[in-house]
Amino acid sequence: MAKIVILTGAGISAESGIRTFRASDGLWEEHRIEDVATPEGFVQDPELVHRFYNARRAAATAAQPNPAHIALAELEADPGHEVLIVTQNVDDLHERGGSQNVLHMHGTLFGALCHSCEHRWPAPEVMSPTDSCPSCSAQATRPDIVWFGEMPYRMEEIWHALRAADLFVSIGTSGNVYPAAGFVADAMHAGVPTLELNLEPSAGRSMFDEARHGPASVLVPQWVRERLG
Ligand code: OAD
């Protein structure tokens, strides 16, 4: 049984029509990252932040999984492989592509979180600052997304899986945002072989044992076919 930990980033969803973050202008869908993806931005203008994520949620719902998502689900279904997908993406395209073992380290567009009591529940299609928490009734609802300056979810579990893996694969991520960008070094120090599949060399390229560059919709199905023989 080969244990594979797969880190995915925005690049795997690019061909499903969801824009990546570091598109050149430093903006995320015409907004400054500080305004829409930090706790300070949310305090400043919760209306704007909710509007922003409502639009992202609608776009993710309208998108379809592409051959890269689907190939990873095929790998997971193979009895010779134990696959854990650790995704930085807040869309649900891995799940809709058929993957089951998916860990959203940066949260999800489809979750709501109460700032006051930390209760979590499924996000409605449209969230607003006046939504009340179903548990404590506070009007302190936010998207269940990890913002800059916050700690990503389930890190202990991820590090444990990384150290126990037979292979670490990084797909569609620029390697700019820690702690995910450090996984290749963590794997390397644990003696775990590493592979990068990305459109272009990532910031961490030199640390990977092997790297292949091209679109995920081509590289990922190709690699999965090789694994499945
Ligand atoms: P980035 O936008 O930083 O990087 C996307 C990577 O995908 C780039 O290296 C592209 O070359 C590559 N790419 C683009 N199209 C591709 C394709 N069709 N096939 C394969 N690769 C392709 O996105 P992330 O690395 O995911 O955090 O960004 C990491 C985190 O920073 C995000 O989770 C988000 C962001 O700001 C938070 O919101 C907390």
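If you check Phe168 against the conditions, is it in contact with a strand residue (DSSP E or B) (Cβ under 7 Å, 6 or more places away or on another chain), away from the ligand (no atom under 11 Å from the Cβ) and either in a helix (DSSP H, G or I) or acidic (Asp, Glu) (or both)?
Numbers: in contact with a strand residue (DSSP E or B) (Cβ under 7 Å, 6 or more places away or on another chain): yes; away from the ligand (no atom under 11 Å from the Cβ): yes; either in a helix (DSSP H, G or I) or acidic (Asp, Glu) (or both): no.
Against the criterion (in contact with a strand residue (DSSP E or B) (Cβ under 7 Å, 6 or more places away or on another chain), away from the ligand (no atom under 11 Å from the Cβ) and either in a helix (DSSP H, G or I) or acidic (Asp, Glu) (or both)), Phe168 does not qualify.
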Legend entry - Members of the stretch 130-149 found to be in a loop (DSSP other than H, G, I, E, B), touching a Phe, Trp or Tyr at 6+ places or on another chain (Cβ under 9 Å) and touching a residue at least 40 places away in the same chain (Cβ under 8 Å), listed by number: Val146, Trp147
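Take residues that are within 18 Å of Phe148 (Cα to Cα) and within 12 Å of the ligand (Cβ to nearest atom) and tell me which of the helices (runs of 4 or more DSSP H) falling wholly in the stretch 1-69 contain 2 or more. Spell out how you get there, then give the answer.
Numbers: elements: 10-14, 33-36, 39-44, 46-62.
Helices (runs of 4 or more DSSP H) meeting the threshold: 33-36, 39-44, 46-62.
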Inset, instruction - May I ask you to list the residues in the stretch 112-143 that are under 12 Å from Arg57 (Cα atoms) and within 14 Å of the ligand (Cβ to nearest atom)? - result: Pro143
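Condition check: of a type in the set (A, V, I, L, M, F, W, C) and part of a helix (DSSP H, G or I). Does Trp159 satisfy that?
On the way: of a type in the set (A, V, I, L, M, F, W, C): yes; part of a helix (DSSP H, G or I): yes.
In short, yes.
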Legend entry - Any hit, the stretch 79-89, residues being open to solvent by 50 Å² or more (accessible area, probe 1.4 Å) and assigned to a helix (DSSP H, G or I): no
Legend entry - Positions within the stretch 57-78 being more than 23 Å from Arg154 (Cα to Cα), touching a Ser or Thr at 6+ places or on another chain (Cβ under 6 Å) and open to solvent by less than 30 Å² (accessible area, probe 1.4 Å), in sequence order: Ala63, Asn66, Ala68
Legend entry - the stretch 196-227: number of residues that are in a helix (DSSP H, G or I) and in contact with a Leu (Cβ under 7 Å, 6 or more places away or on another chain): 6
Legend entry - Residues that are open to solvent by 80 Å² or more (accessible area, probe 1.4 Å) and without any contact (Cβ under 8 Å) to a residue 12 or more places away in the chain, drawn from the stretch 197-224: Ser206
Legend entry - Single condition Ile33 does not satisfy, out of (1) within 20 Å of Glu125 (Cα to Cα); (2) out of contact with any strand residue (DSSP E or B) (no Cβ under 7 Å at 6 or more places or on another chain); (3) touching a residue at least 40 places away in the same chain (Cβ under 8 Å); (4) open to solvent by 20 Å² or more (accessible area, probe 1.4 Å): (1)
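The values are calculated or read from the model by the stated rules, or taken from the named source; none is laboratory data. Note that the structure is predicted; figures quoted are calculated from it, not measured. Note: ideal-geometry Cβ built from the backbone for every residue, glycine included; neighbour counts use all protein chains shown. Ligands, DNA and RNA are stripped out before the accessible areas are found, and what is left, the full protein with its side chains, is counted by its heavy atoms. Shrake-Rupley method; radii C 1.70, N 1.55, O 1.52, S 1.80 Å.
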